[in-house]
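*Asks:* Questions regarding the structure given below will be posed in turn.
The values are calculated or read from the model by the stated rules, or taken from the named source; none is laboratory data. Computed from a prediction, not measured in an experiment: that's the story for all the values here. Here the Cβ positions follow ideal geometry from the backbone for every residue, glycine too, while neighbour counts run over all protein chains shown. With ligands, DNA and RNA removed, areas are computed over all heavy atoms of the protein, side chains included. Shrake-Rupley method; radii C 1.70, N 1.55, O 1.52, S 1.80 Å.
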Amino acid sequence: MSAQLINGTELSKSIRASVTQRVKQLSKQGITPGLAVILVGENPASQVYVRNKVKACEEVGFYSILESIPATISESELLTHIEKLNKNPKIHGILVQLPLPGHIDSSRVIESIAPDKDVDGFHISSAGALVKGLPGFWPCTPFGCMKMLESINYDLKGKHAVVMGRSHIVGKPMALMLLEKNATVTICHSATVDLKAITLQADVIVVAVGKRKVLTRDMVKPGAVVIDVGMNRDDNGKLCGDVDFEGVSSVASFITPVPGGVGPMTITMLLQNTLDAAQKTHPAN
Ligand code: NAP
């Protein structure tokens, strides 16, 4: 078997095109979705991520601001800053790029964002809504994975989904989203015993570990769908995922590539969440 690719770049383009359309409609009513991105310090990877986010906002017609703040800012100054954005009616979504410098408590900062502007979906109330199956912002990366499954019309009902990784930004919310769609879900982590015995039972495997080739061909049931969230560098410095792509694509039915898979979907779902946030503040739309 040779797996079909789920192309995140193409899917992103079509979702972004519909976001752009909606922005045009909203602008006729004087509404422009607005996103504020806060970057504290000068972490080079974070600088690239925030630039890409702001650029994506511009491309779909959002209002966006990038606030680059020195790493020396105190936690209380940062909280004051967020409070101002919470009250700014032009801003519908607030994103604080992580990681934050060590002297700042990330949880306290994330919890200070108004829940209705928490477009990253990391606030405790967004997490709680997901646990309870209530409407709320879904964290962008697992949300993107769900869109990829939707794009191949995959019916999760009754399927066994295995999630490798249990971080609060990918693995755990991913598992809850799959559960919400009536999959039977198993979460694996670094203490899981006999991982292969579990992954071999899976109809869907989502890999969010952060280690190259953590999922190999012999661990995958023929016909399984494999979503690779990992972003690693190979020995030549090339971007690669967590899955042994060559081996696994010979046995899976569908697979996401890296690059061009989950990566582009993450920013796209941030745009979608920001659009939804703007629409919620103007319920007539
Ligand atoms: P993380 O916080 O480091 O979590 C990694 C998880 O993997 C942990 O739960 C860990 O278990 C588990 N784990 C470690 N070794 C394992 C093994 N051998 N088998 C099964 N599970 C194992 O990472 P993350 O933030 O979730 O990110 C995971 C990967 O996704 C990274 O490569 C990251 O760069 C990538 N990522 C990509 C995007 C994107 O937009 N494409 C977004 C976010 C993250 P314990 O909990 O027991 O330690």
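*Asks:* So F254 passes all but one of these: (1) in contact (Cβ under 8 Å) with a residue 40 or more places away in the chain; (2) hydrophobic (A, V, I, L, M, F, W, C); (3) over 22 Å from A56 (Cβ atoms); (4) open to solvent by less than 40 Å² (accessible area, probe 1.4 Å). Which condition number does it fail?
*Replies:* Here F254 clears every test but (4).
*Asks:* All but one of (1) aliphatic (A, V, I, L, M); (2) surrounded by fewer than 16 Cβ atoms within 10 Å (Cβ to Cβ); (3) touching a helix residue (DSSP H, G or I) at 6+ places or on another chain (Cβ under 6 Å) hold for A56; state the number of the condition that does not hold.
*Replies:* The failed condition is (2).
*Asks:* Still on this model: Go through S74, S64, S68, S112 for me and flag whichever is small (G, A, S) and open to solvent by 50 Å² or more (accessible area, probe 1.4 Å).
*Replies:* S68
*Asks:* Another question, then. Which members of the stretch 223-238 meet the condition of being out of contact with any helix residue (DSSP H, G or I) (no Cβ under 8 Å at 6 or more places or on another chain) and touching a residue at least 12 places away in the same chain (Cβ under 8 Å)?
*Replies:* G223, A224, G230, N232, D234
*Asks:* Also, quick follow-up: Considering only residues that are charged (D, E, K, R) and under 26 Å from S253 (Cβ atoms), look in the stretch 122-156 and name the one that is surrounded by the most Cβ atoms within 10 Å (Cβ to Cβ).
*Replies:* Of everything passing the filter in the stretch 122-156, K147 is surrounded by the most Cβ atoms within 10 Å (Cβ to Cβ).
*Asks:* Could you grab me the full set of residues in the stretch 157-168 that are open to solvent by less than 80 Å² (accessible area, probe 1.4 Å) and more than 16 Å from the ligand (Cβ to nearest atom)? Please lay out each step first, then the result.
*Replies:* So the first thing to find is which residues in the stretch 157-168 are open to solvent by less than 80 Å² (accessible area, probe 1.4 Å), and the list is 158-165, 167.
Selection gives G158, K159, H160.
*Asks:* Select from the stretch 109-148 the residues that are in contact (Cβ under 8 Å) with a residue 60 or more places away in the chain and more than 14 Å from the chain's Cα centre (by Cα) and write down the one among them that is nearest to V229 (Cα to Cα).
*Replies:* K117
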